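Got a structure for you, questions after.
The values are calculated or read from the model by the stated rules, or taken from the named source; none is laboratory data. What you are looking at is a predicted structure, and each value in this text was computed from that prediction instead of being measured. Glycine gets a Cβ as well: all are built from the backbone with ideal geometry, and neighbour counts include every protein chain shown. When the accessible area is computed, the model is the full protein with side chains, heavy atoms only, and any ligands, DNA or RNA have been set aside. Shrake-Rupley method; radii C 1.70, N 1.55, O 1.52, S 1.80 Å.
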Amino acid sequence: MTGIQSFLDMLFIGVIALFPVVNPIGSAFIVNPFLSNLSAQEKRKAVTKITLYAFTLCTISFFAGHWILQLFGITIPIVQLAGGIMICKIGWELLSSDKKNEKVSAETDLNENSNYSNVKDNLFYPITFPITTGAGSLSVLFTLSAHSADKHINLYLINTAAILLAIIIMCVLIYFFFLNTKKIIRVIGPDGEKILNRIIAFLIFCVGLQIAVTGIKSLI
């Protein structure tokens, strides 16, 4: 029973921590200009690759994170403080930036490069990294890696399985929202998109602030 409770607790922490920084809904709107001119088959192929890239990047970051921290002698409070500041920065930039102008510019630049052969060069950079899984996501995964570490092998395996499931859930959400962005935009409309982006940006800022404050408390 303790194992199940530990699994559920870590899964909840993983999903809650990753969702605001991965931000599959907001990221889908930002990425949409890159994929808007592709055919249905090409878009599915592109989104599949983006999802696989995101899963690979997140998994490597999670498993290597603990060892990287040990290698450089970095403590968890410092990671929390630095990661929280970076996440706050991302949230503030999203709150203060004009996404409409960015999207129009992106659409203009990509009209001439609308086929898959040109778009595929952008699938890892900048679409997967840093738009979908950026520095904030990696910071959270580094923190989760250290947080899930445990001297008891059984508890470590349970925690690891929970975080991996959280990563898979994020990747499923990325695939769904990236593939159906046009449908979502039609349903919520341009005003709904603006409101949703602002709410998500505010949540990202709050999550970053919470992580930073936790780091400061631990250092004090």
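Per DSSP H run of n ≥ 4, the term is -39500 (n - 2.57); total these for the chain, divide by its residue number, and report the mean residue ellipticity at 222 nm rounded to 500 deg cm²/dmol. Present the calculation step by step, with values, prior to reporting the outcome.
Details: 9 runs with 183 residues, N = 220.
Estimated from H runs of four or more residues: -28500 deg cm²/dmol.
Related question: Hydropathy first: keep DSSP H helices in the chain averaging at least 1.0 on Kyte-Doolittle, then drop any whose Cα extent along the axis falls short of 24 Å, and list what survives. Kindly include the intermediate steps, with their values, before the conclusion.
Numbers: long enough: 2-22 (29 Å, 1.84); 40-72 (45 Å, 0.54); 76-96 (29 Å, 1.38); 153-179 (39 Å, 2.46); 181-219 (47 Å, 0.92).
TM-like helix candidates: 2-22, 76-96, 153-179.
Give me log10 I(q)/I(0) at q = 0.11, 0.16 Å⁻¹ for the chain, Debye formula, one equal scatterer per alpha-carbon, no solvent.
Taken in order of the listed q values, log10 I(q)/I(0) reads -0.56, -1.09.
Follow-up question, since we're still on this one. Decide, for region 135-220, between rounded, prolate and oblate: order the square roots of the alpha carbon gyration tensor eigenvalues as a ≥ b ≥ c, take rounded if a/c falls under 1.5, and otherwise choose prolate if a/b is larger than b/c, else oblate.
Oblate shape, in that a/c is at least 1.5 and b/c is the bigger or equal ratio.
Quick one: pull the percent of accessible area on the chain belonging to carbon and sulfur, 1.4 Å probe, ligands and nucleic acids left out. Numbers along the way, then the final one.
Details: 8110 of 11880 Å².
Carbon-and-sulfur percentage of accessible area, whole number: 68.
Taking R0 as 45 Å, what's the FRET efficiency between Ile4 and Asp191 from their Cβ-Cβ distance, rounded to 0.05? Don't jump to the answer; show the numbers that get you there.
Working: r = 43 Å, r/R0 = 0.96.
For Ile4 and Asp191, the calculated efficiency is 0.55.
Cross-link list Lys120/Lys182; Lys49/Lys183; Lys89/Lys183; Lys45/Lys182; Lys43/Lys182; Lys89/Lys217: which exceed 23 angstrom alpha carbon to alpha carbon? Numbers along the way, then the final one.
Details: Lys120/Lys182 20 Å; Lys49/Lys183 21 Å; Lys89/Lys183 30 Å; Lys45/Lys182 16 Å; Lys43/Lys182 12 Å; Lys89/Lys217 20 Å.
The pairs that break the limit, which is 23 Å between Cα atoms, are Lys89/Lys183.
Here is a follow-up. Dipole magnitude of the chain about its Cα centre, charges +1 at Lys/Arg Cβ and -1 at Asp/Glu Cβ only, in debye to the nearest 20?
On the way: 16 positive and 12 negative charges, 59 e Å.
Roughly 280 debye, rounded to the nearest 20.
While we're looking at this one, here's another question. Would any residue of region 3-28 have its amide N under 20 Å from a label point 7 Å out along Cα→Cβ of Leu209? List them or say none.
16-23
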